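Enquirer: Have a look at this one before I ask anything.
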Amino acid sequence: MTSRLRSPQPATLALADGTVYRGSAFGAEAVASGEVCFNTSMTGYQEILTDPSYAGQIVTMTYTQIGNVGINPEDDESKRPFLSAFVVKEAFEAPSNWRSRESLGAFLRRWNVPGIAGLDTRALVRRIRDRGFQTGVVSTDPWRQEAAELVAAAQAAPVLDGRDLVAGVTCKEPYVWSEGIWAGVAGQVPRAARPEPKLELVAFDYGVKRNILRLLVEQGFHVTVVPARTSVEQVLALQPDAVFLSNGPGDPAAVEGVRPVVRELADRGLPIFGICLGHQILGLALGGTTKRLKFGHHGGNQPGQDLATRKVAICAENHGYAVDAESLRAAGEPVEITHINLNDGTVEGLAHATRPIFSVQYHPEASPGPHDAGYFFGRFREMVLRNKRGEAVTGLSVSREA
């Protein structure tokens, strides 16, 4: 008797502008809405899936073969995926990798995330690139495939502007993070010892990635992670040597209760380092504003230039908003723009001229992505040590010395 393969279940992606893409369902059977974006990374889909910065978004991968190395618990960047849905050209359900513990489809089903495969992702990416962000709906429910209904749902779905998505991804209670970077395969050259003395660090969780915390630990920080809306008094009670502002999702101007806290911590002279959303919140706390990008920067191949040295690093980025350069200049705060994105000239780094404060828009921890910018963690430790010794160190002076 000849066996017959079961036909794949249908899936639909409908955009608010009326465009409809048909494909095959994988992952969970569900209907989900979100802002459609694309990521240009060629590896690291698991880290992308579990990055809390993608909350409220439908992520499209430009690389074609997704799922081929499976899923393993060591590479998760948070406790679960926070994205709305996942869009790929080819979804592999039979992974081939010695570290794999689960298929991509099984992972998405476990967390109720719908996926759609088999559509023309190049056409979708070009549409977003040319026309900008828009809201979409992915349906893998076989009974909800009517195009008009899904387009209407996309048009009615909330946009990211004005939504505090950090509230849904931040931790509920403080905790200590002690895990360093992955030890690797047995028999490799051992890592260098972590530097001494150990420094006390409070890390605000706006949607923090685990690899950021690992690299802070590797720099000799004792890391206490706190919820996004932790007060100044609660931070000071932990007697930190420095403060870290993490990455996170959505509109930085909509995150409630964080700007006054960051501003007061800055005014008290605490060393501060911000990454991605943390960089944007720092810019807002220092009197600037943020603006929406046409389609954002998402991927591991963004060129960032250090304006002091003129050197270019290839960076991992994931953001749809940017600090407005003119707003910082108008605010009158002695803050300088230290890095820019060479694709569109947007602000990629800030440093304070009189205080130990600096930030970057991109992700020096990569995961996934290149490691060109990993030196920022060492630069942060150096700034904190010098401040602790009573030296007159600033974010700008450290930036220019590096």
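Enquirer: Can you give the log10 of the normalised intensity I(q)/I(0) at q = 0.13 Å⁻¹, computed with Debye over equal Cα scatterers of region 236-361?
Expert: Treating every Cα as an identical point scatterer, log10 I(q)/I(0) equals -0.48.
Enquirer: Let me ask something additional. Efficiency by 1/(1 + (r/R0)^6): what FRET value for N68 and D120, r their Cβ-Cβ distance, R0 = 22 Å, to the nearest 0.05?
Expert: 0.65
Enquirer: Still on this structure, please answer the following. Can you give the FRET efficiency to the nearest 0.05 for Q155 and N97, using r as the Cβ-Cβ distance and R₀ = 56 Å?
Expert: Rounded to the nearest 0.05, the efficiency is 0.90.
Enquirer: Right, something else. Principal axis extents for the chain, Cα atoms only, whole Å, descending order, please.
Expert: Principal-axis extents of the Cα atoms in the chain, largest first: 80, 53, 40 Å.
Enquirer: At a 10 angstrom cut-off on C-beta neighbours, averaged per residue, how do the peptides 40-52, 365-377 rank from highest to lowest?
Expert: Ranking, from highest mean packing down: 40-52, 365-377.
Enquirer: Quick check on region 139-243: take the gyration tensor over C-alpha atoms, sort the square-rooted eigenvalues as a ≥ b ≥ c, and tell me if it's rounded (a/c under 1.5), prolate or oblate.
Expert: It comes out oblate by the Cα gyration axes.
Enquirer: Where the centroid of each part is defined by its Cα atoms, how far is region 71-115 from region 264-343 in Å?
Expert: One Cα centre to the other: 31 Å.
Enquirer: Now a separate question. Enter the angle in degrees (range 0 to 90, nearest 10) between the Cα long axis of helix 121-131 and the first principal axis of the Cα atoms of the chain, meaning the one along which they spread out most.
Expert: 60
Enquirer: To make sure I understand the rule: partners must be lysines, Cα under 19 Å from the Cα of K79, and not fewer than 8 residues away in the same chain. Which ones qualify?
Expert: Candidates past the 8-residue exclusion: K172, K209.
Enquirer: By counting other Cβ atoms within 10 Å of each Cβ, how are W111, W98, W177, W182 ranked from fewest to most?
Expert: W98, W182, W111, W177
Enquirer: Moving on to the next point. With the Cα gyration tensor of region 10-156 giving a ≥ b ≥ c as the square roots of its eigenvalues, does the rule (a/c under 1.5 for rounded; else a/b larger than b/c for prolate; else oblate) give rounded, prolate or oblate?
Expert: Prolate shape, in that a/c is at least 1.5 and a/b is the bigger ratio.
Enquirer: Let me ask something else about it. For region 166-401, with the dipole built from +1 on Lys and Arg beta-carbon atoms and -1 on Asp and Glu ones, taken about the Cα centre, which of H298, A392, A325 lies farthest toward the positive end?
Expert: A392
Enquirer: Taking the Cα centre of region 166-401 as origin, work out the dipole magnitude from +1 charges on Lys and Arg Cβ and -1 charges on Asp and Glu Cβ, in debye rounded to 20.
Expert: About 220 debye.
Enquirer: Run through the DSSP bridge list for region 166-401 and note the antiparallel percent, rounded to the nearest 5.
Expert: 60
Enquirer: Right, another one. Report the gain in length on full extension from L236 to K311: 0.36 nm times residue separation, minus Cα-Cα distance, nm rounded to one decimal.
Expert: Once the chain is fully extended between L236 and K311, it gains 23.3 nm.
Enquirer: Using amide H atoms built in the peptide plane, which far-off residues or other-chain residues are under 5 Å from I357 H to H?
Expert: I272, H352, G395, L396
Enquirer: Let's see if you can work this out: charge +1 on each Lys and Arg Cβ, -1 on each Asp and Glu Cβ, no other charges. What is the dipole magnitude of region 253-324 about its Cα centre, in debye to the nearest 20?
Expert: Result for region 253-324 is approximately 180 debye, rounded to the nearest 20.
Enquirer: While we're here: Return the percentage of antiparallel bridges among DSSP beta bridges fully within the chain, rounded to the nearest 5 %.
Expert: Restricted to the chain, the bridges split so that about 60 percent are antiparallel.
Enquirer: Treat every Asp and Glu Cβ in region 74-142 as -1 and every Lys and Arg Cβ as +1, leave all other atoms uncharged, and give the resulting dipole magnitude about the Cα centre to the nearest 20 debye.
Expert: Dipole size: approximately 240 debye.
Enquirer: Report, to the nearest 10°, how far helix 375-388 tilts away from the longest principal axis of the Cα atoms in the chain, using its own Cα long axis and a range of 0 to 90°.
Expert: 30
Enquirer: Next question, about the same structure. How far is helix 147-156 tilted off the main Cα axis of the chain, in degrees rounded to 10, range 0 to 90?
Expert: With rounding to tens, the tilt is 20 degrees.
Enquirer: Moving to a separate point now. So for region 166-401, taking the charge dipole from beta-carbon charges (+1 Lys/Arg, -1 Asp/Glu), which of G250, V208, L277 sits furthest toward the positive end?
Expert: V208
Enquirer: State the antiparallel share, in %, of DSSP beta bridges confined to region 10-156, rounding to the nearest 5.
Expert: 60
Enquirer: May I ask you to sort L277, L108, L238 by Cβ crowding, counting other Cβ atoms within 10 Å and putting the fewest first?
Expert: Result, fewest neighbours first: L238, L108, L277.
Enquirer: What is the spread of the Cα atoms of region 189-286 along each of their three principal axes, largest first, in whole Å?
Expert: In descending order, the Cα extents are 46, 27, 19 Å.
Enquirer: Please state the shape class of region 279-321: rounded when a/c is under 1.5, otherwise prolate if a/b exceeds b/c and oblate if not, all from the C-alpha gyration tensor.
Expert: oblate
Enquirer: Placing +1 on the Cβ of each Lys and Arg and -1 on the Cβ of each Asp and Glu in the chain, which of N343, T40, P197 has its Cα farthest towards the positive end of the resulting dipole?
Expert: Projecting each Cα onto the dipole axis, the largest value belongs to T40.
Every number here is computed from the coordinates shown, using simple stated rules; none is lab data. Fair warning: this is a prediction, and the values are worked out from it, not measured in the lab. A quick note on method: Cβ atoms are made from the backbone with ideal geometry, for glycine too, and the neighbour counts reach across all protein chains shown.
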